[in-house]
Structure formats: C-alpha cells, structure tokens
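Asks: My questions all concern the structure below.
The values are calculated or read from the model by the stated rules, or taken from the named source; none is laboratory data. Keep in mind that what you see is a predicted model, and the values were worked out from it rather than measured. Note: ideal-geometry Cβ built from the backbone for every residue, glycine included; neighbour counts use all protein chains shown. Heavy atoms of the whole protein, side chains included, go into the accessibility calculation; ligands, DNA and RNA do not. Shrake-Rupley method; radii C 1.70, N 1.55, O 1.52, S 1.80 Å.
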Amino acid sequence: MAEIQEHLSATPVSILPQLKKLKEGNLVVQKGHIYELSLMGGIITDKMLPFLDTLEVLEENFDYWTKRNLEGIPPFLRKRLFELKNCKLIRPKMSYMFELNPEFVEELNLSTHVLGFASYFHPSFTTLYPELAKKGVKISLIFTEPVLQRFKKDYREELCTFLNFENVRVFIFPHDPKIADLTVTNRFFLVTLFPREKFFEHESLLSFEPEALKWGTVLFSHMLKEAIQVKDV
C-alpha cells in the first residue's frame with residue numbers, strides 16, 4: 001500500500017475503494033499485504049498504454065484528425081497512431097499560403113537524408129531538392145503520375161539533371177495515394193492529409209520525436225512497395 005500511495009500521491013482512503021473494484025473485476029489479486037495484477041489484468045494493461053497514448057495523439061490535434069481522410073494510412077499504421085505524440089499543427093499564414101513552410105525548408109536544409117512523397121506540384125521542388133542533392137544529401141522521392149508529368153512538361157531539363165545525381169532516387173506512384181504529402185528525414189517528420197471535405201487548406205502535422213520519424217519511415221516504405229522507379233525521362 002505504501003508503494004501505491006507513493007506512485008499515485010494518494011491516501012489509502014482514496015485508494016482502497018478502487019482496489020476493491022479491481023479485485024472484484026478479477027484485474028488485481030491480493031496476496032497478504034501485496035497487490036499485483038491478475039493474468040487478465042496483465043493482458044489488459046499491456047494494451048492500455050497504446051490506447052491512452054492514441055487518445056492523447058487525437059486530443060492534441062482533435063479537429064485535424066476528425067476532419068481528415070485517413071484512408072491513405074494503411075490499417076496497421078492507423079493502429080500505431082499513438083507513435084505520433086507531440087505533433088505540432090502547421091497552419092500556413094496568408095503570407096505563406098502558396099509557399100513552402102519556412103520551418104519545413106529550414107529543417108530540410110539541415111537533414112542528411114530525405115524520404116518524400118507529394119501528390120501535388122510545387123515550383124520550389126525544382127530548386128530545393130537539387131540544392132540538397134549537390135550537398136550530398138541522400139534523397140528518395142515519390143510523385144504521383146500527374147506531378148511527374150508536370151515536371152517532364154515544364155522542367156524536363158531540371159528533372160534530367162536531378163536524376164543524374166547518384167544520391168537521388170525518384171519513383172512514380174501509380175495509384176491514388178489519398179495523402180497530400182509526406183516527408184521524413186533524420187531530423188523531422190511531416191505529413192499532410194487531405195480533408196474529408198473538398199476544401200484543401202494545406203495544414204500539416206510536424207514532429208521531431210523518434211517514434212514519429214519511425215512511423216513516417218514505415219509509411220514511406222509501404223508506399224515504396226507499389227512505386228516504380230524513374231530511370232530517365
């Protein structure tokens with residue numbers, strides 16, 4: 001009881017009724033003066049932390065998650081949303097509405113490797129990623145077919161030059177990804193999900209947590225399985 005009091009910062013008067021309920025539910029057993037989890041209690045508590053962490057993730061950015069289309073996230077990663085704790089909502093200011101987020105660009109320039117996916121074309125891609133490639137940054141990018149066609153049509157020379165870097169790989173994603181964009185580096189993770197409504201305000205989630213980076217890397221690897229590498233144009 002003294003150990004439980006210390007961990008919960010509570011008095012025996014408040015703890016005992018809860019212990020009684022747990023014992024009646026066969027979740028806790030008492031052996032003399034010792035309380036421990038029952039077999040069933042152990043099974044439940046193994047799942048409790050991920051459940052509570054998932055609630056925390058959803059509550060941190062509740063409006064974002066409830067208004068987004070999650071179909072682009074494979075089911076096995078939806079079950080691991082608890083790994084995306086401490087995500088910061090990136091809401092572009094009007095003055096940056098049609099530009100890449102400054103924090104995103106700053107962190108990208110400090111990265112040593114980049115995994116990226118985009119289902120939209122942004123002119124800054126034609127200068128930002130080649131500059132990173134020149135510095136030796138390892139880059140793997142996946143684009144949807146319409147995005148790659150835009151590169152070929154309006155920036156063919158730049159695309160050819162980019163593909164010639166040994167540290168660069170470019171892929172085409174042949175299906176509807178249902179994700180706006182994804183970037184994972186050794187420094188940060190950023191994802192932009194499409195809203196369930198038609199209006200797209202380009203709000204993103206940004207995290208520097210190791211678990212989020214791992215989650216994003218797994219998502220990129222999952223998409224890469226269906227992607228086709230672009231060798232030349």
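Asks: So for the chain, taking the charge dipole from beta-carbon charges (+1 Lys/Arg, -1 Asp/Glu), which of V29, I228, T66 sits furthest toward the positive end?
Replies: Result: I228, furthest along the dipole toward the positive end.
Asks: Can you give me the C-alpha center-to-center distance between the stretch 37-93 and the stretch 124-159, rounded to a whole angstrom?
Replies: So the separation of the two Cα centres works out to 33 Å.
Asks: Arrange the peptides 219-231, 140-152, 158-170 so that the one whose residues have, on average, the most other Cβ atoms within 10 Å appears first.
Replies: Working: 219-231: 14.5, 140-152: 18.1, 158-170: 16.0.
Those peptides, ordered most packed to least, come out 140-152, 158-170, 219-231.
Asks: Per DSSP H run of n ≥ 4, the term is -39500 (n - 2.57); total these for the chain, divide by its residue number, and report the mean residue ellipticity at 222 nm rounded to 500 deg cm²/dmol.
Replies: On the way: 10 runs with 102 residues, N = 233.
Taken over the chain, the calculation gives -13000 deg cm²/dmol.
Asks: Calculate the dipole size of the chain relative to its Cα centre from +1 charges on Lys and Arg beta carbons and -1 charges on Asp and Glu beta carbons; express the result in debye to the nearest 20. Don't skip to the end; give the middle numbers.
Replies: Numbers: 29 positive and 31 negative charges, 91 e Å.
That gives a dipole near 440 debye.
Asks: Nearest-5 percent of antiparallel DSSP beta bridges in the chain?
Replies: Details: 22 of 34 bridges.
Bridges in the chain that DSSP calls antiparallel: roughly 65 percent.
Asks: Any idea what the relative contact order of the stretch 168-233 is, in percent, if you count C-alpha pairs under 8 Å spaced at least 6 apart?
Replies: Normalised by residue count, the contact order of the stretch 168-233 is 42 percent.
Asks: For the stretch 1-41, list log₁₀ I(q)/I(0) at each q in 0.29, 0.31 Å⁻¹, using the Debye formula over Cα point scatterers of equal strength and ignoring solvent, two decimals each.
Replies: Log10 of I(q)/I(0), two decimals: -1.07, -1.13.
Asks: Now, a different point. Taking the stretch 1-128 on its own, what percent of its Cα-Cα pair distances exceed 26 Å? If you can, show how the numbers build up before the last one.
Replies: On the way: 4237 of 8128 pairs.
For the stretch 1-128, the fraction of Cα-Cα distances above 26 Å is 52 percent.
Asks: Here's something else I'd like to know. Determine how large the accessible area of D176 is when every protein chain is in place; take a 1.4 Å probe and give Å² rounded to the nearest 10.
Replies: Answer for D176: close to 110 Å² accessible.
Asks: What is the distance, in nm, between label points placed 7 Å from the Cα along the Cα-to-Cβ direction at E157 and at V218?
Replies: 4.5 nm
Asks: Still on this structure, please answer the following. Let me know the whole percent of all Cα-Cα pairs from the stretch 53-114 that are separated by more than 20 Å.
Replies: On the way: 872 of 1891 pairs.
More than 20 Å apart: 46 percent of the Cα pairs in the stretch 53-114.
Asks: With all distinct Cα pairs included, what does the Kirkwood hydrodynamic radius of the chain come out to in Å, to one decimal, could you say?
Replies: Values: mean 1/r = 0.0487 Å⁻¹.
It works out to 20.5 Å.
Asks: Let me ask something else. Within the chain, which complete DSSP H helices have Cα atoms spanning at least 20 Å along the helix axis and a mean Kyte-Doolittle hydropathy of 0.0 or higher? Walk me through the numbers before you get to the answer.
Replies: Working: long enough: 39-60 (33 Å, 0.62); 210-224 (21 Å, 0.47).
What comes out of the filter, once short or polar helices are dropped, is 39-60, 210-224.
Asks: For the stretch 117-233, with the dipole built from +1 on Lys and Arg beta-carbon atoms and -1 on Asp and Glu ones, taken about the Cα centre, which of W215, P130, T192 lies farthest toward the positive end?
Replies: The listed residue farthest towards the positive side: P130.
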